[in-house]
1. How big is the C-alpha Rg of the protein assembly as shown next to the rule-of-thumb value 2.2 N^0.38 Å, as a ratio?
2. Need the full-extension length gain, A:Glu305 to A:Val360, defined as separation in residues times 0.36 nm minus the C-alpha distance. One decimal, nm.
3. Can you return the lysines within cross-link range of A:Lys24? Criterion is Cα-Cα under 21 Å, with same-chain partners fewer than 8 residues away left out.
4. In degrees between 0 and 90, to the nearest 10, how far off the longest principal axis of chain B does helix B:7-25 point, with axes built from Cα atoms?
5. Can you say what percent of the DSSP beta bridges in region B:7-171, counting only those with both residues inside, are antiparallel? Round to 5.
6. I'd like the FRET efficiency for B:Asp177 and A:Ile191, computed as 1/(1 + (r/R0)^6) with the beta carbon distance as r and R0 of 30 Å, rounded to 0.05.
7. How much length is gained on full extension from A:Ala2 to A:Arg129, taking 0.36 nm per residue of separation minus their Cα-Cα distance?
8. Within chain B, what is the longest stretch that has no chymotrypsin sites (Phe, Trp or Tyr not before Pro) placed in a DSSP loop and near at most 15 other beta-carbon atoms within 10 Å?
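None of the figures in this text is laboratory data; all of them are computed from the coordinates on show. Since the structure is predicted, the reported quantities are computational estimates derived from the model, not experimental observations. Quick reminder, even Gly has a Cβ in these numbers, built from the backbone with ideal geometry, and neighbours come from all protein chains shown.
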Amino acid sequence: MAQMWITMGPQHPMTHGLWTLRVKVDGETVVDTEAELGYIHRGVEKICESRDFTQVTPYCDRLCYVSAMTWANSYIYAAEDLLEADVPERAEYIRLISAELQRLASHLMWLGAFGPDIGNLTLMTWCMRDREMFLDLLQELGGSRMHYNYPRIGGVKRDIPVGFADRMIAKVKLFERRIDEYEMMLDESTIWLVRLQGVGYANAEEMVEAGVSGPNVRAAGVNYDVRWAHPYSVYDEVDWEPAVEKPTSVKGADCYDRYRVRMEEMRQSCRMVLDAIEKIPGGKNTNYANGDEMIYQKAPTRAPEGATGFSNYECTRGASQFYIQGGGDGRGKNPYRLSIRSPMFITIPFVAKTMIGYKVADIPAIMGSFDPCIGETDR
Amino acid sequence: MGTTVTLSQNEAAANDCLAAINDRFSGSGVVASVERHSNAKKYAFVRITTPPQHWQALAKWLRFDLGVNYCSMVTGTHYPEGPQERGWEVAYHFLRQPITDQLPNTHTVYVAEKLDGRLIPMEFEVLIPLENNDSPTVPTVQHIWGGADWNEKETWDLVGIKFEGHKNMHRVLNPHDSPEGFHPLQKQHKIRYHDHNEMYDDAQGFGRKPADEGRIK
């Protein structure tokens, strides 16, 4: 049969955003693919060069609209490296809790969007219902539902409100049972298994060679997580273990493994926040004033020329990294150059190539299982 | 608990890597040192500065002898007022990850505190200063790390650093029909609004006059 190129995107439910997948098909079979990105390139790196270090945080929030807190945290660690800021331990605990709550919300958004891809529309409504609980909690911290501007260089904007701990514990415990409900619905659902198992194989070494990271690699049976390998925050003090999935084939992880690893990761996040809230220094029911030395320590605002800052952070989709050079405008008040490494920017071209050999109908399942987010891809 | 790599493991691994690099490359212009982050847990990493002509040899050695298997990030920087020998700089960030391929139905769970030698995760920063001229060029490492492929594409697209030998180089974030030689992260390009006063005085943008008016298309 004659081969032809068809274009999926930029407006296509499979994209989960705005990009184009060009697919060369031979009948129903994918024989070649090409990813085209850049539709929502906003030039964040350039904009940041004319903002001071505090003003950069909201831009980082907006890199990924379902995972704002982890991206802001990631930037903050790089800025702290550059400015040599110290952080009180209570603030580190609050950051850990906020990041893990964000991970829950982000994975729920992924699951909610992935369900309709596969043909399970109910899942969307269930996940949105549960995500609302975590958005409420994050709103208590940051004041808004999606873009929080919460972490600060040297601490966090404000302490956890009175009663936050109890509400969080209740919601997380409820959600732990809800994960079981999801698994009851999905793990034995014929449509779910047929669409996901044996589709979209990718093995660990190939993925690492291509630069893929995070849950997608852990789904292939390898325990590699920035949170233990290059630790930041207080991950060494709370009770958790990385979620790793056993792949069932020599070909590596299929879409089903990638779904499993994210469910397990949600469990671990629940376990982590429940442990962290009990261990938080200063007590879970105290509320320190804004700028108190328990939650914030004043940091320098200028960085000299030649100074650099780097952070490696386990975002919800893999390792996000920031590299900042000091000595920009305003006698070092602005970054001279700020570079952002987005895990999805590397992953999407890789995923496009893993689709070769599968059917056109498998494309939404394969793409969706890698959890693409275009906001951070295009920056 | 206690599942993270400790500072002493990290220190030992960084020093091992430094010794190996110095052993292999001393006297060639490749300079390595162990540096320390000043954020979070103050972990150490290896910083290497290399002239561009030694970059591919160093890259192959890092990849195949030192086991640095993950290219995470490429950053190009433009220093128009820099010295003659450093008008541009390319910074590569690498990670060494203890990853082996899995047999079916197995998974590898590392006990972080018991890792030693090459299995300890380590972070590498390679800086390549380039001469101050109009066509900064550095040899590609696309064939050594697959992860460098799209990162190098992005660096060329945004900063304009040419990667010699890179196959299939094209625009990735800018529009595909951007004018040749247009790389927005070069310092001669100014963004339209310089500070917020200008923005608030004329919020609608009617009297908009960008700083580079008349000089761009």
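1. 0.94
2. Result: 14.6 nm gained on full extension.
3. Excluding near neighbours in sequence, the set is A:Lys353, A:Lys359, B:Lys167.
4. 80 degrees
5. Rounded to the nearest five, the antiparallel share is 75 percent.
6. The formula returns an efficiency of 0.10 here.
7. Between A:Ala2 and A:Arg129, full extension yields 41.1 nm more.
8. B:1-181
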